[in-house]
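Have a look at the structure below, then the notes.
The values are calculated or read from the model by the stated rules, or taken from the named source; none is laboratory data. This is a predicted model, so every value here is computed, not measured. Quick reminder, even Gly has a Cβ in these numbers, built from the backbone with ideal geometry, and neighbours come from all protein chains shown.
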Amino acid sequence: MLPDLPYLRRIDTRVSPAALLSETKFLDAQKLFFSVVDSLKGTVDFEIADMREVHAVAALGDVKGVKILDVGCGSTEPYVLEDTFRDRYPPFFAEMLTRLGADVTGTDIRHNPTAGYRHLTLDCTKQNWMTSFRSPYDVIACLNIFNAPQSPFEHDADLCDQIMDDMRSVLADNGILIVTLRDDLFTVATKEEMLAQAREYAARQHFELLHLDLNCAWLRPVY
């Protein structure tokens, strides 16, 4: 499948957040998002105009029957180790996609007894963490994981690269990976240079870069 790249490019080049008011896809996805937030009793502590989950839902379009894996999807359960940012991230994306008719599997290190999707409690830092998956998946999302502060991923490039390889192994040949890339991959500030570095990293991981929104990459596997 292929996302709505023109939509993603318009979002990326918008002059102001007000430009989103002319995007029907965004408004529909935003409405769904707030409905899920309300039902999960979650909170949002950043501007909705920057919500990657909302833009991803808008760009993916019709996902009825599409097999989607959300790695690190979140949970309504408290994080067991400490009070971290994870407590503010229930599985918004997984639940949004489920309501749209997608066949969603979500993974998190916490249980989620109220999940409306197939929730797997597992740790993606462990070997063979993908053995319970119903691969291949048409879409895999891994958002806000590799650059998470005070996490096993924050300063472990090898671990992040291994998980990239693991996700590629269960992604359909024409599938899409939506991933928040590590911040340390970008050593420059200009948009053109960031695109070049993202393309170089994607190629090393055997992916083609379709779109880059800040550090969130839309990738397609290359064989």
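Condition first: among the aromatic types (F, W, Y) and either in a strand (DSSP E or B) or over 13 Å from D166 (Cα atoms) (or both). Now tell me which residues in the stretch 120-152 satisfy that.
Just the residues of the stretch 120-152 that are among the aromatic types (F, W, Y), to begin with: 129, 133, 137, 146.
Passing the criteria: Y137, F146.
I want to confirm something. Restricting to the stretch 205-223 and keeping residues that are outside any strand (DSSP E or B) and without any contact (Cβ under 8 Å) to a residue 24 or more places away in the chain, which single residue is farthest from I176 (Cα to Cα)? Spell out how you get there, then give the answer.
Start the filter on the stretch 205-223 by keeping residues that are outside any strand (DSSP E or B), which leaves 205-206, 214-215, 222-223.
Of the ones still in play, those that are also without any contact (Cβ under 8 Å) to a residue 24 or more places away in the chain are 214, 222.
Numbers: L214: 18, V222: 11 Å.
Among those residues, the one meeting the criterion is L214.
For residues in the stretch 8-55 being closer than 14 Å to L97 by Cα and aliphatic (A, V, I, L, M), which is modelled with the lowest pLDDT?
Ranking the candidates gives V37 first.
Give the stretch 206-223 a look and list any residue that's surrounded by fewer than 17 Cβ atoms within 10 Å (Cβ to Cβ) and either farther than 21 Å from E53 by Cβ or at pLDDT 95 or above (or both), or say none.
Selection gives H206, E208, V222, Y223.
Scanning for something of a type outside the set (S, T, Y), surrounded by 13 or more Cβ atoms within 10 Å (Cβ to Cβ), in contact (Cβ under 8 Å) with a residue 24 or more places away in the chain and in a helix (DSSP H, G or I), does the stretch 167-184 turn up at least one residue?
If we filter the stretch 167-184 for residues that are of a type outside the set (S, T, Y), which is where we start, we get 167-168, 170-179, 181-184.
Among the residues that remain, those that are also surrounded by 13 or more Cβ atoms within 10 Å (Cβ to Cβ) are: 167-168, 170-172, 175-179, 181-182.
Right, trim to in contact (Cβ under 8 Å) with a residue 24 or more places away in the chain and you get 167-168, 170-172, 175-179, 181-182.
From the residues that got through so far, the ones that are in a helix (DSSP H, G or I) too are 167-168.
Among the residues of the stretch 167-184, at least one is of a type outside the set (S, T, Y), surrounded by 13 or more Cβ atoms within 10 Å (Cβ to Cβ), in contact (Cβ under 8 Å) with a residue 24 or more places away in the chain and in a helix (DSSP H, G or I), which makes the answer yes.
Does the stretch 74-81 include one or more residues that are at pLDDT below 95, polar (S, T, N, Q) and in contact with a Phe, Trp or Tyr (Cβ under 9 Å, 6 or more places away or on another chain)? If you could, list the steps in order and put the result at the bottom.
Narrowing the stretch 74-81 to residues at pLDDT below 95: 74-81.
In the following step, the residues that additionally are polar (S, T, N, Q) were identified as 75-76.
Checking which are in contact with a Phe, Trp or Tyr (Cβ under 9 Å, 6 or more places away or on another chain) leaves us with 75.
The answer is yes, given that some residue of the stretch 74-81 is at pLDDT below 95, polar (S, T, N, Q) and in contact with a Phe, Trp or Tyr (Cβ under 9 Å, 6 or more places away or on another chain).
To keep it simple, each residue is scored yes or no on (1) more than 22 Å from V57 (Cα to Cα); (2) loosely packed, with under 13 Cβ neighbours inside 10 Å; (3) in contact with a Pro (Cβ under 9 Å, 6 or more places away or on another chain); (4) not hydrophobic (A, V, I, L, M, F, W, C).
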| position | (1), (2), (3), (4) |
| --- | --- |
| H155 | yes, yes, no, yes |
| D158 | yes, yes, no, yes |
| M164 | no, no, no, no |
| F186 | yes, no, no, no |
| E193 | yes, yes, no, yes |
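Could you check the stretch 111-134 and list, in sequence order, the residues that are surrounded by fewer than 17 Cβ atoms within 10 Å (Cβ to Cβ) and touching a residue at least 24 places away in the same chain (Cβ under 8 Å)?
Within the stretch 111-134, H111, P113, T114, T125, W129, R134 meet the criteria.
Kindly list, by first and then second residue, each pair from a residue in the stretch 151-164 that is within 13 Å of Q127 (Cβ to Cβ) to a residue that is β-branched (V, I, T) and modelled with pLDDT of 95 or more, limited to pairs with Cβ atoms under 8 Å and residues at least 6 apart or on different chains.
From residues that are within 13 Å of Q127 (Cβ to Cβ), the pairs are I163/V71.
Would you confirm whether or not the stretch 192-199 contains a residue that is modelled with pLDDT of 95 or more and within 13 Å of the chain's Cα centre (by Cα)?
no
Here are some conditions: (1) closer than 26 Å to T76 by Cα; (2) buried (at least 17 other Cβ atoms within 10 Å of the Cβ); (3) in contact (Cβ under 8 Å) with a residue 60 or more places away in the chain; (4) not acidic (D, E). F146 meets all but one. Which one does it not meet?
It fails just one condition, (3).
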